[in-house]
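Enquirer: Sharing a structure, written as structure tokens. Questions coming.
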Amino acid sequence: MSARTINPALRWLMFAGMALAAGSMALSAGRYAVAAHWAASPDPAMWLRAAQSEPLNAEHWYQLGRYRQLDFEHTDLTLAISYYQRAVSINPGSPFYWMDLAGAYETAGDIPQAEQAFRKTRDLYPISAEAAWRFGNFLLRQSRVPEAFQQIHDAVSIDPKLTALAVSRCWRSTQDIDQILKTVLPDEHDENWGAIQFFVQAREPAPAMAVWRRIAAHQPSFAVSDAFPLLDMLIETGHADDAQAVWKQALLAGGIPADADSTGSLVWNGSFERDLLNGGFAWRIRPIEGAQMDWDEQAAHSGRRSLRVDFDGSANVDFQNVWQYVAVQPSTRYRFSAYFRAEDLSTDSGTRFEIRDVSRPGNPSRFTPNIVGTQPWAKADVDFATGPDTKLLQIVLRRTRSEKLGNKIRGTVWVDDAALVSVSSSPVTSR
């Protein structure tokens, strides 16, 4: 039936209905546009107008809830909760609405309702690290440690980037590293090393070693440099025995053979035959203006190369930029030795080794003889005894500043076959 054959009255009603529908759609579209404009406004008063204009839009009520919960100057928890409740009544499937409602309930002191909202969030979004994390922290604040640890474990399993923060929260809550390792921290690469990073930064040797033992037991290989931050922390906090154990395990995991020295020297890579590791109980080199350091395969006292230091004459260098930590026994006599070669080494202050007591920094250092001028390979040594508390030494290639005119050092020195050996099996009774 065409429009021409329709009764004129009916035709008029049909056109009127179409016009009314079009007008309604236009009005609805206009209302939506206005509401969207108000919702995007930086003025929170406009957000309320948007919600009133579109009362079935859950996002508007959620936005108002966050404003009333989080804005310091306009906080109103009762109003925030009512807005969140409005949002979840419209869209009960949003875990984010429930999660923030739970937070508002907790802040308001309504713990049962907060827990119910958190559980609703977990049901809606079981693979959300944030939902598990926030629920776990809520339970931790209620001193419900086992339940909290399970939720935090789930969060870390989903998002390993939460590891350091998770270990921090759980450690400060319980100080129980065994429980943390058993119930919170997954035995995985990223999680274990993340925990090590936290305990190193917190300077907590005991829990750091507990995590390390798990790494050493379950992770057969990794770069030796991964252990350097832990080694530095153990050295700095005076845990020489633990540091030595970590060093040996790290070398094994890194596929680096043990240092074979028939003399029993405690200096690692004293002949400079190995590549520079720059950490742990190996040689460390730190750049400094006025000097260049490298291995030299053209000059060696033994083996195939030595350490070479070139001073360019530009500065009165306070040089202490090549060093190594060495673990020793207390109350024991030692002899440190090294071979030096020098060429045109200027100024009265040349190079030598300084032996520092890291365990007791107040104890005086020991020095090998000062090397200046030009000389062929020659041995320089010094005997000393460790104190009753000494477990760690620092062996430093040293040049102190000269106090004389013409004090800018120039020339080259080579070092090879550095060694530290015990010279007596009898204990030292005094220093």
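The values are calculated or read from the model by the stated rules, or taken from the named source; none is laboratory data. Because the structure is predicted, anything quoted here is derived from the model rather than measured. Neighbour counts are summed over all protein chains in view; Cβ atoms, including those assigned to glycine, are modelled from backbone coordinates with ideal geometry. Just the protein is used for accessible areas: all its heavy atoms, side chains included, with ligands, DNA and RNA removed. Shrake-Rupley method; radii C 1.70, N 1.55, O 1.52, S 1.80 Å.
Enquirer: Assuming R0 = 41 Å, can you tell me the calculated FRET efficiency for the pair residue 108 and residue 188, based on Cβ-Cβ distance, to the nearest 0.05?
Expert: Efficiency, rounded to the nearest 0.05: 0.60.
Enquirer: Grab the DSSP H runs of the chain that are 4 residues or longer, score each as -39,500 (n - 2.57), total them, divide by all residues and round the 222 nm result to the nearest 500 deg cm²/dmol.
Expert: Computed mean residue ellipticity for the chain: -14500 deg cm²/dmol.
Enquirer: For the peptides 56-69, 182-195, what is the packing order when you average, over each peptide's residues, the other Cβ atoms within 10 Å and list the highest mean first?
Expert: Descending mean neighbour count gives 56-69, 182-195.
Enquirer: State log₁₀ I(q)/I(0) for the range 316-415 at q = 0.15, 0.16, 0.17, 0.20 Å⁻¹ as given by the Debye formula over alpha-carbon point scatterers of equal weight, solvent excluded.
Expert: Log10 of I(q)/I(0), two decimals: -0.62, -0.69, -0.77, -0.97.
Enquirer: Evaluate the distance, in nm, between pseudo-label points positioned 7 Å from the Cα of residue 383 and of residue 172 along their respective Cα→Cβ axes.
Expert: My value for the distance between the label points is 5.5 nm.
Enquirer: As I understand it, the value is the acute angle between the Cα axis of helix 189-202 and the longest principal axis of the Cα atoms of the chain; what does it come to in degrees, rounded to 10?
Expert: Once rounded, the angle reads 70 degrees.
Enquirer: Taking the chain as the reference, fit the longest principal axis to its C-alpha atoms, fit the long axis of helix 44-53 to the helix C-alpha atoms, and give the angle between the two in degrees, 0 to 90, nearest 10.
Expert: That works out to roughly 40 degrees.
Enquirer: Using a Gaussian network model of the chain with C-alpha springs under 10 Å, which one of 85, 320, 298 is most mobile by mean-square fluctuation?
Expert: 298
Enquirer: Roughly speaking, to the nearest percent, how much of the chain's 1.4 Å accessible area is carbon and sulfur?
Expert: That share works out to 53 percent.
Enquirer: From the list [x] 294; [y] 189; [z] 149, can you say which value of volume of the Cα convex hull per residue in Å³ was derived from the structure given?
Expert: [x]
Enquirer: Choose one answer from 153, 218, 239: the residue with the largest mean-square fluctuation in a GNM of the chain with alpha-carbon springs under 10 Å.
Expert: Among 153, 218, 239, the largest GNM mean-square fluctuation belongs to 218.
Enquirer: Using packing as a proxy for protection, rank 279-291, 125-137 so that the peptide with the highest average count of other Cβ atoms within 10 Å comes first.
Expert: 125-137, 279-291
Enquirer: While we're here: By how many degrees, 0 to 90 and rounded to 10, does the Cα axis of helix 205-218 deviate from the longest principal axis of the chain?
Expert: 90 degrees
Enquirer: What area, in nm² and to one decimal, does the C-alpha convex hull of the range 224-351 cast on average over all directions?
Expert: Average of the hull's projected areas for the range 224-351 equals 9.5 nm².
Enquirer: What's the magnitude of the charge dipole for the range 297-431 around its Cα centre, counting Lys and Arg as +1 and Asp and Glu as -1 at the beta-carbon? Answer in Debye, nearest 20.
Expert: 240 debye
Enquirer: Dipole magnitude of the range 58-208 about its Cα centre, charges +1 at Lys/Arg Cβ and -1 at Asp/Glu Cβ only, in debye to the nearest 20?
Expert: 220 debye
Enquirer: With a Förster radius of 45 Å, plug the Cβ-Cβ distance of residue 297 and residue 119 into 1/(1 + (r/R0)^6) and report the FRET value to the nearest 0.05.
Expert: E between residue 297 and residue 119, to the nearest 0.05, is 0.10.
Enquirer: Now, a different point. In percent, what relative contact order does the range 217-365 have, based on Cα pairs under 8 Å that are 6 or more apart in sequence?
Expert: 18 percent
Enquirer: Sticking with this structure for a sec: Using alpha carbons only, what's the Rg to Rh ratio of the range 66-113 with Rh from Kirkwood?
Expert: With Rg and the Kirkwood Rh in hand, the quotient comes to 0.95.
Enquirer: With a 1.4 Å probe and all protein chains kept in place, how much accessible area does residue 293 have, in Å² rounded to the nearest 10?
Expert: 40 Å²
Enquirer: Which residue, chosen from 346, 384, 405, occupies the Cα position most advanced towards the positive end of the dipole of the range 338-431, where the dipole is computed from +1 (Lys, Arg) and -1 (Asp, Glu) charges on Cβ about the Cα centre?
Expert: With unit charges placed on the Cβ atoms, the residue in question is 405.
Enquirer: Quick one: accessible area per residue over the chain, 1.4 Å probe, rounded to a whole number of Å²?
Expert: 51 Å²
Enquirer: Give the lysines whose C-alpha is closer than 30 Å to that of residue 120, dropping any in the same chain fewer than 8 places away, or say none.
Expert: 161, 182
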